[in-house]
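Below: one structure, written as structure tokens.
The values are calculated or read from the model by the stated rules, or taken from the named source; none is laboratory data. These numbers were taken from a predicted model, which means no experiment stands behind them. Heads up, the Cβs are rebuilt from the backbone with ideal geometry, glycines too, and the neighbour counts pull from every protein chain shown. What goes into the accessible areas is simple: the full protein's heavy atoms, side chains included, and nothing from ligands, DNA or RNA. Shrake-Rupley method; radii C 1.70, N 1.55, O 1.52, S 1.80 Å.
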Amino acid sequence: MAEARQRRPLRVGIGVGLPLVAAVALAALLLRLFPADATGRWGLSPAVVAGVCWAGQLWYVGYGLDPEGITGGFWRRLFGLANTVTLVRGALYAVVAGFIVAPPETALAWIPALCYGTGVALDNLDGTVARTVGRETEIGRRLDMAFDTFGFVAAPLVAVAWGLLPVWYLSISAARYVFRGAVWLRRARGLPVGDLPDSDLGKYLAGVQMIFVTVALVPPAPTDLVWALAPVVLAPSLAVFTRDYLAVSGRLPGRR
């Protein structure tokens, strides 16, 4: 009981305090950096939307933490070198998401490509740093997974909203959720769920997707060429999600 009471302020700080402070700080910074007239569509500010998205990411990570794993030294581990790199990636992806409400002709059109591309470039750095200093943690893994997933939704949404990618390209953003939902449904129905194939192909293809979306967001990129290449880039990744579901559902030969 005493331990639960001790953890309560920490959980409030993680679930409420940290997201709120981070949202206000990011929005204030962007409002200072962006021109005063950089207002998005529907009267929404990209800076404010970015702050809300940043808070949402942090709340999601904190909400899913195991209460038993929140022990002394949490804040020190959270803001360690590796996790700080991961947090920077999450903030960059939140900035990208803010431009969903910005018109494509904005003078700041280069920012989504710059922020998303920088986040992609930092994608493996946090894991490398964590392994180097021996500080791989549950919070680090949750941050990395949550931010990767969020960035994989935010960047294509901006590209589609600006007409830089076809709307059906969002199927790659939905594929992970469809896959996880299908697996959850099998478990809920009491059906067996097997192991994923021992393959890094999905990771490599995800890297290709990230680079392609970054290029699509670059203002000078030829939109006609990007649209023509979109199905070529998209198809292998969707095929891998299909393969993974066939594997966990026991439909591939030799997998039960």
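Kindly establish whether residue 147 is touching a residue at least 60 places away in the same chain (Cβ under 8 Å), assigned to a helix (DSSP H, G or I), under 16 Å from the mean Cα position of the chain (by Cα) and surrounded by 15 or more Cβ atoms within 10 Å (Cβ to Cβ). In short, yes.
Here residue 241 passes the criteria (1) assigned to a helix (DSSP H, G or I); (2) within 23 Å of residue 108 (Cα to Cα); (3) not aliphatic (A, V, I, L, M) except the one numbered (2). Among the residues of the stretch 223-244, the ones that are open to solvent by 60 Å² or more (accessible area, probe 1.4 Å) and either touching a residue at least 24 places away in the same chain (Cβ under 8 Å) or among the basic types (Lys, Arg) (or both) come to 2 in all. Counting only residues that are of a type in the set (A, V, I, L, M, F, W, C) and under 21 Å from residue 153 (Cβ atoms), the stretch 186-229 holds 15 of them.
Conditions tested, residue by residue: (1) at pLDDT 80 or above; (2) of a type outside the set (Val, Ile, Thr); (3) in a helix (DSSP H, G or I); (4) on the phi > 0 side of the Ramachandran plot.
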site: 76; (1), (2), (3), (4): no, yes, yes, no
site: 86; (1), (2), (3), (4): yes, no, yes, no
site: 89; (1), (2), (3), (4): yes, yes, yes, no
site: 92; (1), (2), (3), (4): yes, yes, yes, no
site: 105; (1), (2), (3), (4): yes, yes, no, no
site: 111; (1), (2), (3), (4): yes, no, yes, no
site: 114; (1), (2), (3), (4): yes, yes, yes, no
site: 131; (1), (2), (3), (4): no, yes, yes, no
site: 136; (1), (2), (3), (4): no, yes, no, no
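When the stretch 194-217 is filtered for residues that are open to solvent by 50 Å² or more (accessible area, probe 1.4 Å) and in contact with a Pro (Cβ under 9 Å, 6 or more places away or on another chain), the ones remaining, listed by number, are 201, 208.
Of the residues 140, 207, which single one is at pLDDT 85 or above and either assigned to a helix (DSSP H, G or I) or under 25 Å from residue 227 (Cα atoms) (or both)? Walk me through it before giving the result.
Numbers: 140 fails: at pLDDT 85 or above.
Every option except 207 fails the conditions.
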